[in-house]
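Peer 1: Here it is, the structure, as structure tokens.
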Amino acid sequence: MTKIEENYDVVIVGAGHAGCEAALACARLGMETICFTVSVDSIALMPCNPNIGGTSKGHLVRELDALGGEMGKNIDKTFIQSKMLNRSKGPAVHSLRAQADKQAYTREMRKTMENQEHLVIKQAEVSEIIVENGMCKGVKTISGATYFAKAVILATGVYLNSRCLFGEVIEPTGPNGLKNATHLTKSLIDHGITIYRFKTGTPARVDGDTIDRSKMEEQFGDVPVIPFSFETDPASVQKEQVSCWLTYTGEDIHRIIRENIHRSPLYAGVIEGVGPRYCPSIEDKVMKFPDKDRHQIFVEPEGLYTHEVYLSGFSSSLPEDVQHAMIHKLPGFENCKIVRNAYAIEYDCIDARQLNLSLEFKNIKGLYGAGQINGSSGYEEAAVQGLMAGINASLKILGRDPVVLDRSQAYIGVLIDDLVTKESHEPYRMMTSRAEYRLLLRQDNADLRLCEIGNKIGLISDARYSGVKIKKKLIDEEIIRMNSVHVGDTAKINDFLRSHGSSELNTGATLAELIRRPELDYFMLTDIDINRPELPEDIKEQVNIEIKYHGYIERQMQQVKQFKKLEGKKIPADINYDDVGSLRLEARQKLKLVRPENIGQAARISGVSPADISMLLVYLK
Ligand SMILES: Cc1cc2nc3c(=O)[nH]c(=O)nc-3n(C[C@H](O)[C@H](O)[C@H](O)COP(=O)(O)OP(=O)(O)OC[C@H]3O[C@@H](n4cnc5c(N)ncnc54)[C@H](O)[C@@H]3O)c2cc1C
């Protein structure tokens, strides 16, 4: 009996948040695609926080949706609470976050994957990549079956040689006790790929029927709900929502942690992997911020199908008895039943500087990396990388140029540029502070920024794109009208202004000038704007932001012009940095490692100074 041998256009290793987006993108672009996972019951599994979105992560989901990805639609179908975060701050940091019914989320994504043409799902552990003359030709599974392909996308997440730890307990498994993948790392190393060891952690799960919510602060969802996907009909997501709850740690819990910190595998040095600075465990928070007398713990339902609740902010790898002691000290948890212990997970990932901006490996053509394997952390960060890797693998097979979004176009561009350019020895989590042009990269205008690109790729339909074009036209027309409609210093206008605590006019002004006053906005001017056309809410929102922040937006556009100049200065792929005279040693080494595609990217490499960039510019001239 001969071993199984099959041929595909694209092989995806992993059906997590990256793998699902990559698989759907490839299949929707007509690629015969096979997607492997160690367990088909864990498709799009949420092993950690039961929510999608949040600050900057909501931006990623909106951008993914505008490019034709699935996560936004999937959470609109399976959310149980939704909230727009940071409403009290400027629009650049407004971010949508939705609590998910975890099982429904997995089930819905699996259904979409199973109903997708050109896509096959396979439960098998991939043990090897096949590489010939620098070209990736396919993969092998532990059973010895061979799957040939024109492109392979690695989206292995937290499973490569993973092990789960709490206290003295160390289990060689993936998350939630699932099987880990123990063969592929060796094959990657054999093909010259540099591997890192990272870690992350998750909190305990508690039976929500055994906690006393009267000792906590209730956190409600928004009404009305704003959907993640620009394609979701807002009316379809207006439904009853569950609440989350807020409680706090206290000195008694902090003392338990300090007294038992020597038993933490993290502090005892058992854990080798490096964890995310911005998702610290509770023991990290207590040890690093001793002056803080309490830490917030958000109690989040895991779904409508279960009583389990997730203790956000309480991730730990302390021994079980210590976990039990500290959880029972939480207000409202005195008599609770703990369903699952908290744990840390260590896993293998790659140094993403081995990838170029299309997420293809520099030294192995046709091989791509996406998600946690690239050193990022988070469902959303993984999903957008999966989408971009899927798009670029397919475009390459179709003989088309890759799509590379730069830092002025999208958070996706910031994320990928940071991963493949900057040295990082800990999981990378997206934050709004990472995006220098964040006033332009708002979650509310992702469709206006990216649907055209999605349409050119072939993932956004012409019908959807023409809807976006109409939206853009209506926004532009209304902004022109706001700048051309003048109101005089009449009694009616000044009464209106006084009633909104705004200074009276003593000469004419345009409506746009009034909107730019801090105490006024587009929505308020309805009373004095008699010829106002009926416009949808999302268009009104754009008009208000574009007019109100016009000055800041203009300034950022100028900065982008400067940025684009340096990004536009391409560096030949075959440049020999040894020929570039008087480059400092560190800069030469870093430039050889990262092989930046343009001067802008070169300037962002740590260890490459402005003087080195001048040398390079002179050499390129
Ligand atoms: C315990 C824990 C705590 C976490 N804490 C946080 C946190 O605090 N903050 C945060 O932002 N994120 C956290 N995460 C991370 C979050 O879960 C991931 O970022 C996200 O799931 C990554 O998505 P992915 O698609 O890259 O990988 P995953 O979702 O891990 O999916 C990987 C997929 O690859 C498959 N696979 C792997 N190797 C093979 C192989 N050789 N052959 C076949 N299939 C294979 C698996 O079956 C799975 O389908 C945590 C994850 C875990 C497990």
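Peer 1: Hey, which of the helices (runs of 4 or more DSSP H) in segment 8-78, taking only ones fully inside, have at least 2 residues that are within 8 Å of the ligand (Cβ to nearest atom), of a type in the set (A, V, I, L, M, F, W, C) and modelled with pLDDT of 95 or more?
Peer 2: 17-28
Peer 1: Also, I was wondering about something else. Exactly one condition in (1) more than 28 Å from LEU448 (Cα to Cα); (2) of a type outside the set (Lys, Arg); (3) under 30 Å from the mean Cα position of the chain (by Cα) is not met by TYR577; state its number.
Peer 2: The single condition TYR577 does not satisfy is (3).
Peer 1: Turning to a different aspect of this structure: In segment 316-336, which residues are assigned to a loop (DSSP other than H, G, I, E, B) and in contact with a Phe, Trp or Tyr (Cβ under 6 Å, 6 or more places away or on another chain)?
Peer 2: SER317
Peer 1: Would segment 577-600 turn up any residue that is at pLDDT 90 or above, open to solvent by less than 40 Å² (accessible area, probe 1.4 Å), closer than 23 Å to ASP476 by Cα and of a type in the set (Val, Ile, Thr)?
Peer 2: No, the conditions are met nowhere in segment 577-600.
Peer 1: Quick check on segment 373-393: of everything there that is of a type in the set (Ser, Thr, Tyr) and open to solvent by 10 Å² or more (accessible area, probe 1.4 Å), which residue is nearest to ARG277 (Cα to Cα)?
Peer 2: Looking at the filtered set, the residue picked out is SER377.
Peer 1: Within segment 12-39, take every residue that is closer than 14 Å to LYS150 by Cα and over 23 Å from the mean Cα position of the chain (by Cα) and give me the one that is most open to solvent (accessible area, probe 1.4 Å).
Peer 2: Per the criteria, the residue is GLU32.
Peer 1: Against the condition away from the ligand (no atom under 15 Å from the Cβ) and basic (Lys, Arg), how does LYS179 come out, does it pass?
Peer 2: Judged against the criteria, LYS179 is not a match.
Peer 1: Identify, from the list LYS473, LYS396, LYS456, the residue that is open to solvent by 20 Å² or more (accessible area, probe 1.4 Å), of a type outside the set (A, V, I, L, M), out of contact with any helix residue (DSSP H, G or I) (no Cβ under 6 Å at 6 or more places or on another chain) and touching a residue at least 60 places away in the same chain (Cβ under 8 Å).
Peer 2: Of the residues listed, the single one that is open to solvent by 20 Å² or more (accessible area, probe 1.4 Å), of a type outside the set (A, V, I, L, M), out of contact with any helix residue (DSSP H, G or I) (no Cβ under 6 Å at 6 or more places or on another chain) and touching a residue at least 60 places away in the same chain (Cβ under 8 Å) is LYS396.
For (1) of a type in the set (Ser, Thr, Tyr); (2) at pLDDT 95 or above; (3) assigned to a helix (DSSP H, G or I), each residue gets a yes or a no:
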{"residue": "ILE460", "(1), (2), (3)": "no, yes, no"}
{"residue": "TYR465", "(1), (2), (3)": "yes, yes, yes"}
{"residue": "GLU478", "(1), (2), (3)": "no, yes, yes"}
{"residue": "MET482", "(1), (2), (3)": "no, yes, yes"}
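Peer 1: Next up: Assess whether VAL404 counts as being within 16 Å of the ligand (Cβ to nearest atom) and either hydrophobic (A, V, I, L, M, F, W, C) or open to solvent by 10 Å² or more (accessible area, probe 1.4 Å) (or both).
Peer 2: No, not satisfied.
Peer 1: Out of PHE289, PHE220, PHE228, PHE198, which single residue is aromatic (Phe, Trp, Tyr) and touching a Cys at 6+ places or on another chain (Cβ under 6 Å)?
Peer 2: From the options PHE289, PHE220, PHE228, PHE198, the qualifying one is PHE198.
Peer 1: What is the number of the single condition among (1) within 16 Å of the ligand (Cβ to nearest atom); (2) part of a loop (DSSP other than H, G, I, E, B); (3) of a type in the set (D, E, K, R) that ARG87 does not meet?
Peer 2: That leaves (1) as the condition not met.
Peer 1: So, one more: Looking at ARG407, ARG449 in this structure, which one is assigned to a helix (DSSP H, G or I) and either within 28 Å of GLU32 (Cα to Cα) or not acidic (Asp, Glu) (or both)?
Peer 2: ARG449
Peer 1: Determine if segment 122-139 includes at least one residue that is in contact with a strand residue (DSSP E or B) (Cβ under 9 Å, 6 or more places away or on another chain), open to solvent by 10 Å² or more (accessible area, probe 1.4 Å) and part of a helix (DSSP H, G or I).
Peer 2: There is no residue in segment 122-139 that is in contact with a strand residue (DSSP E or B) (Cβ under 9 Å, 6 or more places away or on another chain), open to solvent by 10 Å² or more (accessible area, probe 1.4 Å) and part of a helix (DSSP H, G or I).
Peer 1: Quick one: count up the residues across segment 96-105 that are open to solvent by less than 40 Å² (accessible area, probe 1.4 Å) and away from the ligand (no atom under 14 Å from the Cβ).
Peer 2: Counting residues in segment 96-105 that are open to solvent by less than 40 Å² (accessible area, probe 1.4 Å) and away from the ligand (no atom under 14 Å from the Cβ) gives 5.
Peer 1: For segment 488-576, give me every one of the helices (runs of 4 or more DSSP H) that falls completely inside it and has 2 or more residues that are under 30 Å from ASP406 (Cα atoms).
Peer 2: The qualifying helices (runs of 4 or more DSSP H) are 537-548, 550-567.
Peer 1: Right, next: For segment 185-203, indicate whether the set of residues that are among the acidic types (Asp, Glu), within 29 Å of MET326 (Cα to Cα) and open to solvent by 80 Å² or more (accessible area, probe 1.4 Å) is non-empty.
Peer 2: There is no residue in segment 185-203 that is among the acidic types (Asp, Glu), within 29 Å of MET326 (Cα to Cα) and open to solvent by 80 Å² or more (accessible area, probe 1.4 Å).
Peer 1: Kindly indicate whether VAL485 is in contact with a strand residue (DSSP E or B) (Cβ under 7 Å, 6 or more places away or on another chain) and surrounded by 13 or more Cβ atoms within 10 Å (Cβ to Cβ).
Peer 2: yes
Peer 1: Sort out which residues of segment 206-224 are under 28 Å from the mean Cα position of the chain (by Cα) and open to solvent by less than 10 Å² (accessible area, probe 1.4 Å), and write them in order of number.
Peer 2: VAL206 - this is the single residue of segment 206-224 that is under 28 Å from the mean Cα position of the chain (by Cα) and open to solvent by less than 10 Å² (accessible area, probe 1.4 Å).
Peer 1: Being more than 9 Å from the ligand (Cβ to nearest atom), without any contact (Cβ under 8 Å) to a residue 40 or more places away in the chain and open to solvent by 40 Å² or more (accessible area, probe 1.4 Å), is that true of even one residue in segment 158-167?
Peer 2: no
Peer 1: Looking at GLU108, GLU114, GLU171, which one is among the charged types (D, E, K, R), more than 24 Å from TYR8 (Cα to Cα), away from the ligand (no atom under 14 Å from the Cβ) and surrounded by fewer than 22 Cβ atoms within 10 Å (Cβ to Cβ)?
Peer 2: GLU108
Peer 1: Let me ask something additional. Looking at (1) within 30 Å of GLY167 (Cβ to Cβ); (2) in a loop (DSSP other than H, G, I, E, B); (3) open to solvent by 10 Å² or more (accessible area, probe 1.4 Å), which one does VAL339 not meet, given that it meets all the others?
Peer 2: Exception for VAL339: condition (2).
Peer 1: Given the conditions (1) out of contact with any Gly (no Cβ under 7 Å at 6 or more places or on another chain); (2) within 15 Å of the ligand (Cβ to nearest atom); (3) among the basic types (Lys, Arg), and given that LYS239 satisfies all but one, which numbered condition is not satisfied?
Peer 2: Just one mismatch for LYS239, condition (2).
The values are calculated or read from the model by the stated rules, or taken from the named source; none is laboratory data. Computed from a predicted model, the values in this text were never measured in an experiment. All Cβ positions, even for glycine, are placed from backbone atoms using ideal geometry, and neighbour counts span all protein chains on display. We work out accessible area using only protein heavy atoms, side chains counted, and drop any ligands, DNA or RNA first. Shrake-Rupley method; radii C 1.70, N 1.55, O 1.52, S 1.80 Å.
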